[in-house]
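What follows is calculated from the coordinates using simple rules that are stated; it is not laboratory data. Nothing here was measured: the structure is a model prediction, and the numbers come from that model. Backbone-built Cβ (ideal geometry, glycine too); neighbour counts: all protein chains shown.
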């Protein structure tokens with residue numbers, strides 16, 4: 001079409017010229033014809049390459065349409081009926097005795113059987129739970145089970161004739177920093193509120209209400225506030241990639257840092273809770289600290305990575321596998337676990353085993369070890385640990401146990 005346009009323009013120009021000017025025009029036309037032919041050859045080459053990639057103009061148009069369908073407003077229309085408000089009456093033990101309080105959070109429809117996923121801390125110690133949908137229908141809910149270590153709980157409602165629209169879980173292993181995300185919840189009771197942002201970082205650790213470190217947590221900057229807990233974090237296809245669970249703030253109000261339990265953990269935990277009412281986390285029975293440059297220097301390690309064992313619980317899987325803690329007491333300026341400072345100008349046990357890999361997967365710190373175990377292993381499974389001990393690399397086989405209740 002562009003070639004026709006150029007030629008038409010040239011023909012209009014020619015009709016206005018006479019005499020000696022025609023020679024000049026003829027030369028210009030010749031030059032332009034050469035360039036047009038070159039352009040057409042280039043277009044033909046591009047079309048040939050597109051054909052090899054099985055991309056036609058029609059298929060390219062379809063891709064554009066799909067991208068438009070992932071706009072936040074359309075994702076919201078797709079999922080809004082599946083995000084719920086949860087209200088609970090909870091028992092609170094005080095110095096003056098038992099009293100009652102209200103708790104409020106968010107959740108989402110997990111399946112057509114009436115299972116609702118939320119945070120454990122939303123319904124902890126609850127004696128009464130009610131689920132509210134955006135269309136103002138509400139249902140009493142029973143607690144199917146919960147896992148305080150991952151801060152996940154599953155409720156069940158009898159929705160009667162109401163049609164439920166479950167949300168699909170995405171694969172949190174495929175997430176990227178900078179990827180746009182959407183959070184939907186009920187901050188401060190404002191129902192079905194949408195906020196958007198991006199993934200700020202991956203692989204964070206979070207200490208759950210049960211006291212256990214939750215690995216592979218998603219950090220994001222979409223605004224979430226009290227009442228948002230338990231709501232879904234969604235990608236731009238409308239799939240759940242996490243469940244919003246906490247914010248980092250000194251005022252209890254959002255300050256740009258939110259955290260979500262990843263969907264890969266949600267999938268394993270929720271499936272187990274629906275079947276058994278609980279979830280059993282893999283357990284080794286070790287204490288320790290992430291190796292930093294100071295620890296590597298003091299222990300003469302070949303590199304500053306891995307997890308240093310400073311304590312082994314008696315009769316634990318680690319104890320039975322022969323893992324060792326050190327007995328050389330040294331002062332360190334700082335020791336961290338998952339980025340949390342656990343030692344500051346303190347003496348700790350050095351000289352113990354340093355875990356460098358699990359099943360040939362490199363370990364840079366406890367976060368990598370926990371992520372691998374949570375996503376790929378269950379209690380009673382075996383793992384092969386590559387450890388550094390007394391200047392040598394060793395492989396140790398360990399049978400995982402279940403995290404104590």
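Would you please give the FRET efficiency between residue 73 and residue 158, computed as 1/(1 + (r/R0)^6) with r the Cβ-Cβ distance and R0 = 41 Å, to the nearest 0.05?
0.80
Using only alpha carbon pairs under 8 Å that are at least six residues apart, calculate the relative contact order of the range 70-279 and give it in whole percent.
21 percent
Expected output is a single nm value to one decimal: the length gained when fully extending between residue 94 and residue 125, i.e. 0.36 nm times separation in residues minus the C-alpha distance. What is it? Walk me through the intermediate numbers first.
Values: separation 31, 0.36 × 31 = 11.16 nm, distance 1.35 nm.
Residue separation times 0.36 nm, minus the Cα-Cα distance, leaves 9.8 nm.
Separation between the residue 81 and residue 304 pseudo-spin-labels, each 7 Å from Cα along Cα→Cβ, expressed in nm?
In this crude spin-label approximation the distance works out to 5.6 nm.
What is the packing order of peptides 229-239, 318-328, taking the mean over residues of other C-beta atoms within 10 Å and listing the highest first?
Output ranking for 229-239, 318-328: 229-239, 318-328.
Report the gain in length on full extension from residue 394 to residue 359: 0.36 nm times residue separation, minus Cα-Cα distance, nm rounded to one decimal.
Working it through step by step, the gained length comes to 11.3 nm.
Just how far, in whole angstrom, is the range 349-392 from the range 88-129 if you go by their alpha carbon centroids?
Value for the Cα centre distance between the two parts: 36 Å.
Using the per-residue mean of other Cβ atoms lying within 10 Å as a proxy for protection, in what order, highest first, do the peptides 198-210, 179-191, 375-387 fall?
Descending mean neighbour count gives 179-191, 198-210, 375-387.
How big, in percent, is the set of alpha carbon pairs in the range 69-157 lying more than 23 Å apart? Walk me through the numbers before you get to the answer.
Details: 1148 of 3916 pairs.
Tail of P(r) above 23 Å: 29 percent of Cα pairs.
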